[in-house]
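See structure below.
Coordinate-derived values only; no laboratory data. Since the structure is predicted, the reported quantities are computational estimates derived from the model, not experimental observations. Heads up, the Cβs are rebuilt from the backbone with ideal geometry, glycines too, and the neighbour counts pull from every protein chain shown.
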C-alpha cells in the first residue's frame, strides 16, 4: 500500500461521522490508540501538551480509543469524548472506538503495523514482562509483534503519509525520542 493510501482509509469521528484522514494530508501525525481506564491514561495530558506545542507547525495528534486490552476502554464514544474533555481538556481530534489487534483489526491499524512492525522502546521486553504479571492471573496474554502491545502505542506519520516511527506504550509523548522524531518530521 502506498503511503498516501493511509489518507483514504475509512474512519469515523468520535461523534460517528464517516470520514477519512485526507484532511490531515501534508501534516505530521501522531496516531495513538487510547483508553480511559488504563494506568497509562495520564498520557492524555502529555499528548495534549505535545499537540498544543506543535500544532501551529503542522502537527496533529489523532486519538483512536480501543477496548482491546483488559477492557480498559469500556465507554461509548460519547462517554469517551466527555471524559477526554472534562479530565484532560483534550482538544486534538478523537475518533470512534476501533479494534487495533487481532482478526478484527481496523484497516488503519493493519496499515500502521504493517508499515512499522516494531516499536521503539528504551527497555526491550520490560513492558511485556510487566504486562504478563498483570494479565496472566486474569487468564489473558500479551500480543506479539507486529501487533500493538497495549494502550497508548504511538505511530508517527510524516507529511507524505509514511509511517516513520513507532513508540511502545511506556514511551511517554514528552519523551525526548518522541519529541526529536516529531521535530525531524516537521
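Going by the structure shown, is residue 119 in contact with a strand residue (DSSP E or B) (Cβ under 7 Å, 6 or more places away or on another chain), in contact (Cβ under 8 Å) with a residue 12 or more places away in the chain and under 18 Å from residue 155 (Cβ atoms)? Answer is yes for this residue.
Take residue 155 and tell me if it is surrounded by 21 or more Cβ atoms within 10 Å (Cβ to Cβ) and in a strand (DSSP E or B). It is true that residue 155 is surrounded by 21 or more Cβ atoms within 10 Å (Cβ to Cβ) and in a strand (DSSP E or B).
Residue check: residue 110 meets all listed conditions (1) more than 14 Å from the chain's Cα centre (by Cα); (2) assigned to a helix (DSSP H, G or I); (3) surrounded by fewer than 18 Cβ atoms within 10 Å (Cβ to Cβ) but one, namely (1). If the condition is being free of Cβ contacts under 8 Å to residues at least 60 places away in the same chain, under 21 Å from residue 169 (Cβ atoms) and assigned to a loop (DSSP other than H, G, I, E, B), then segment 67-89 contributes 67, 71, 74, 75. The lone criterion from (1) within 16 Å of residue 69 (Cα to Cα); (2) outside any helix (DSSP H, G or I); (3) over 14 Å from the mean Cα position of the chain (by Cα) left unmet by residue 147 is number (3).
If a residue must be crowded, with 20+ Cβ neighbours inside 10 Å and out of contact with any strand residue (DSSP E or B) (no Cβ under 7 Å at 6 or more places or on another chain), how many such residues does segment 174-186 contain? Qualifying residue count, segment 174-186: 0.
Only residues that are within 15 Å of residue 65 (Cβ to Cβ) and assigned to a strand (DSSP E or B): list them for segment 9-29, please.
Passing the criteria: 11, 12, 13.
Against the test of being more than 15 Å from residue 155 (Cα to Cα) and touching a helix residue (DSSP H, G or I) at 6+ places or on another chain (Cβ under 7 Å), the options 75, 18, 26 yield a single qualifying residue, 75.
One line per residue, one yes/no per condition, for (1) in contact (Cβ under 8 Å) with a residue 40 or more places away in the chain; (2) buried (at least 19 other Cβ atoms within 10 Å of the Cβ); (3) in contact with a strand residue (DSSP E or B) (Cβ under 7 Å, 6 or more places away or on another chain):
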position: 23; (1), (2), (3): no, no, no
position: 26; (1), (2), (3): yes, no, no
position: 34; (1), (2), (3): yes, yes, yes
position: 38; (1), (2), (3): yes, no, no
position: 48; (1), (2), (3): yes, yes, no
position: 58; (1), (2), (3): yes, no, yes
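Exactly one residue out of 64, 92 is surrounded by 19 or more Cβ atoms within 10 Å (Cβ to Cβ), in a loop (DSSP other than H, G, I, E, B), in contact (Cβ under 8 Å) with a residue 12 or more places away in the chain and touching a helix residue (DSSP H, G or I) at 6+ places or on another chain (Cβ under 9 Å): that is 92.
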